[in-house]
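**Student:** Got a structure for you, questions after.
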Amino acid sequence: MKQHNDGEPTMKDNPEQAPDSGNRSLRLGLLSLLVIILLWEVLARGTGWSVHIFPDPLTVVFSFVELLRDGTLLRHTVASLFRVTAGFYLAVCLGVPIGIVLGRSVNARSLFNPIIQFLRPISPLAWIPLAMLWFGIGDPPAIFLIFLASFFPMVVSTTIAVQNINPTYFQVAANFRFSYQETLTRLILPAIIPDVVTALRMTVTIAWLVVVAAEMIAVQSGLGYLILDARNALRMDYVMNGMIVIGVIGLLLDNIMKRLGDVESSKWGIQAR
Amino acid sequence: MSHIRIDNLTKVYMGRRSRPRNIHDPEEHFGDNILVLNDITLGFEEGEMVCILGPSGCGKSTLLRIIAGFEPPTNGTVRVGGQVVSAPSDQSIFVFQQGGLFPWMTVYENVGLGLRHIRDAATKHERIQEYVEMVELEAFEDYYPHQLSGGMQRRVELARALAVNPDLLIMDEPFSGLDFLTHMKMREEVVNMHEFLRKTTLVVTHDIDDALIMGDRIVVLSGRPSAVKLMHALNFPRPRDFEKNPGLSRLRSEIFLMLGVPYAV
Ligand SMILES: Nc1ncnc2c1ncn2[C@@H]1O[C@H](COP(=O)(O)OP(=O)(O)OP(=O)(O)O)[C@@H](O)[C@H]1O
Ligand SMILES: [Mg+2]
């Protein structure tokens, strides 16, 4: 065998192997969580702040169990989830069809795009006064705000998705004499599904951000209200509980949408375009 | 009467600018309008395989799109089977240069696109199966286009086009992007298919040899604004061979010259 120069890498020098990487990233993630909790504990003790201002992890855990037992947490979570679902659902049901029309019709685009582009950058929170004036107190103004927050991103993403459909497909459709309905169900909808699923994932995150803010103003329930109410009572441990639940549910929502994306992209892969 | 009649066909693409770009040649770009096809008159017989050659950008694809009804002519008419073409129809199927398959449909569903009107499921299944087998893709019915090779995708498109039994088959560079062997095999398949079905077929190609081997008739277009430079019936026996057929060989050199290459490579 021929002798190689010292230090020249050989083929089998490949220490990093892939098979366990999923497990490993999970373990690393848990580790970082543990470190943060530890840091939190150290900070809580080190600063010497009172437990009313900076509660330590254990206090938060105890009050979490307490809120879980008396059903407060569940009630508020359900209230928030209901609002997000309603507002988001409305936004998708209206936004996707409108996006399809805008994507297909130059006239509709010229007519409505200026309005949409003008309203889009206005934060949904700026609508709070009007929403309360128009819809009063309770679920409707909150749902309206979530609707606003999700509607514009859905319309814009759907419009772009439709415009990005390969024009050849429409010629094929014309060649095979597709009716309007067939063009919609066999061409446009399947073509935009991957993009729309991505948009759903982005938008649900925005909707979840907005629900908390909306609940701080217009309603008497929900996780946002829980946090506001706890602040008024100076119960920072409850505030933290609210934040933790919001974080966990946000994670779950994102995960559900991601799963949806996996299902669709496996059907007619992204690599196809 | 011929199957396809093209009379005084002219096509101008409107540009955005209105002043001539080239003052010395206002004919070519009047304003920024591009004169692509200039007064083209052609006639093809029923069942012919017509190969169209021409320099890049001369308007070959444009000509095919107008014949398929995807685009209106600026002037003149195209008649297929006596009818003036005004819109796409499933009697003239266009086989796209590439990417004409729906990526969200399987091979089976793609081939069945033109058979949606058949109510009887068994007849429909049989018909789809027949054409899938014709292009030798049985066992791939449930594959999505992106799971197939480039050559297989072309065959699926061919099957999809043939399945509707159109009067006219229009193919824009059907072999471009294929490797040499796949190219040869595809060419043979298209020739066999044509021998068997005798369907009027228009093929645009860059490859002079393709045109001479395949065509019953050859059309050479000039550079833009394009006019017909040569239209020639090829009455050579098949299978064709340049070595054994001096006439064919001579024609080949002529066409090379015509397209700006002074010698046949
Ligand atoms: N939709 C369009 N709008 C404006 N100009 C166009 C349009 N389509 C084609 N053209 C112009 O028409 C000319 C001919 O285009 P065409 O695609 O028909 O050429 P081609 O002969 O098929 O070229 P190639 O061999 O490269 O495919 C080109 O110069 C092109 O710029
Ligand atoms: Mg072309």
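**Student:** Take region B:154-174 and flag every residue that is within 16 Å of ligand 2 (Cβ to nearest atom), more than 11 Å from chain A (Cβ to nearest Cβ) and buried (at least 22 other Cβ atoms within 10 Å of the Cβ).
**Tutor:** Correct list: B:154, B:171, B:174.
**Student:** From the list B:228, B:219, B:204, B:261, exactly one residue is more than 24 Å from residue B:128 (Cβ to Cβ), of a type in the set (A, V, I, L, M) and touching a Ser or Thr at 6+ places or on another chain (Cβ under 7 Å). Which is it?
**Tutor:** B:204 is the lone residue from the list that is more than 24 Å from residue B:128 (Cβ to Cβ), of a type in the set (A, V, I, L, M) and touching a Ser or Thr at 6+ places or on another chain (Cβ under 7 Å).
**Student:** Residues in region B:137-153 that are part of a helix (DSSP H, G or I), in contact with a Leu (Cβ under 9 Å, 6 or more places away or on another chain) and within 12 Å of chain A (Cβ to nearest Cβ): how many?
**Tutor:** Count: 2.
Rundown of residues vs (1) open to solvent by less than 50 Å² (accessible area, probe 1.4 Å); (2) assigned to a helix (DSSP H, G or I); (3) in contact (Cβ under 8 Å) with a residue 24 or more places away in the chain; (4) not assigned by TED's automatic domain parsing to the domain that holds residue A:100, yes/no style:
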position	(1), (2), (3), (4)
A:171	no, yes, no, no
A:177	no, no, no, no
A:207	yes, yes, yes, no
A:214	yes, yes, yes, no
A:221	yes, no, yes, no
A:231	no, yes, no, no
A:247	yes, yes, no, no
A:251	no, yes, no, no
A:260	no, yes, yes, no
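**Student:** Something else: Count, please, the residues in region B:213-224 that happen to be more than 16 Å from ligand 2 (Cβ to nearest atom) and either over 23 Å from residue B:192 (Cα atoms) or in a loop (DSSP other than H, G, I, E, B) (or both).
**Tutor:** The total comes to 2.
**Student:** So for region A:102-115 (the condition being out of contact with any His (no Cβ under 6 Å at 6 or more places or on another chain), in contact (Cβ under 8 Å) with a residue 60 or more places away in the chain and of a type in the set (Gly, Ala, Ser)), does at least one residue qualify?
**Tutor:** Checked region A:102-115: at least one residue is out of contact with any His (no Cβ under 6 Å at 6 or more places or on another chain), in contact (Cβ under 8 Å) with a residue 60 or more places away in the chain and of a type in the set (Gly, Ala, Ser).
**Student:** If you check every pair at least six apart or on different chains, which have Cβ atoms under 7 Å apart with a residue in region B:41-70 that is at positive phi first and a residue that is among the β-branched types (Val, Ile, Thr) and more than 16 Å from ligand 2 (Cβ to nearest atom) second?
**Tutor:** Taking only residues 6 or more apart or on different chains, the pairs are B:47/B:200; B:69/B:85.
**Student:** Exactly one of these conditions fails for residue A:46: (1) of a type outside the set (Val, Ile, Thr); (2) loosely packed, with under 13 Cβ neighbours inside 10 Å; (3) at pLDDT 90 or above. Give me its number.
**Tutor:** (3)
**Student:** Still on this structure, please answer the following. Would you confirm, using the coordinates I've provided, whether residue A:192 is touching a residue at least 40 places away in the same chain (Cβ under 8 Å), open to solvent by 40 Å² or more (accessible area, probe 1.4 Å) and within 30 Å of residue B:105 (Cβ to Cβ)?
**Tutor:** So residue A:192 fails the test.
**Student:** Further question on the same structure: Inspect region B:48-61 for any residue being within 13 Å of another protein chain (Cβ to nearest Cβ) and within 16 Å of ligand 2 (Cβ to nearest atom) and give the result as yes or no.
**Tutor:** Checked region B:48-61: at least one residue is within 13 Å of another protein chain (Cβ to nearest Cβ) and within 16 Å of ligand 2 (Cβ to nearest atom).
**Student:** If you check residue A:100 against the conditions, is it assigned to a loop (DSSP other than H, G, I, E, B) and within 24 Å of the chain's Cα centre (by Cα)?
**Tutor:** no
**Student:** Which number in (1) touching a Lys or Arg at 6+ places or on another chain (Cβ under 6 Å); (2) modelled with pLDDT under 90; (3) within 14 Å of chain A (Cβ to nearest Cβ) marks the one condition that residue B:111 misses?
**Tutor:** Against the list (1) touching a Lys or Arg at 6+ places or on another chain (Cβ under 6 Å); (2) modelled with pLDDT under 90; (3) within 14 Å of chain A (Cβ to nearest Cβ), residue B:111 comes up short only on (2).
**Student:** Residues of region B:221-250 being open to solvent by 80 Å² or more (accessible area, probe 1.4 Å) and within 16 Å of ligand 1 (Cβ to nearest atom), which ones?
**Tutor:** B:224, B:229
**Student:** Just name the residue that is nearest to ligand 2 (Cβ to nearest atom) out of those in region B:30-44 that are open to solvent by 20 Å² or more (accessible area, probe 1.4 Å) and touching a strand residue (DSSP E or B) at 6+ places or on another chain (Cβ under 8 Å).
**Tutor:** Among them, the one singled out is B:34.
**Student:** When residue A:161 is evaluated against the numbered criteria (1) part of a helix (DSSP H, G or I); (2) at pLDDT below 95, which criterion, by number, is the only one it fails?
**Tutor:** Condition not satisfied by residue A:161: (2).
**Student:** Among the residues of region A:140-167, write down those that are out of contact with any helix residue (DSSP H, G or I) (no Cβ under 6 Å at 6 or more places or on another chain) and open to solvent by 30 Å² or more (accessible area, probe 1.4 Å).
**Tutor:** A:140, A:160, A:164, A:166, A:167
The values are calculated or read from the model by the stated rules, or taken from the named source; none is laboratory data. Everything quoted here is computed from the prediction, not taken from an experiment. Virtual Cβ from ideal backbone geometry, glycine too; neighbours counted across all protein chains shown. Quick note on the areas: whole protein, heavy atoms, side chains included, nothing else; ligands and nucleic acids left out. Shrake-Rupley method; radii C 1.70, N 1.55, O 1.52, S 1.80 Å.
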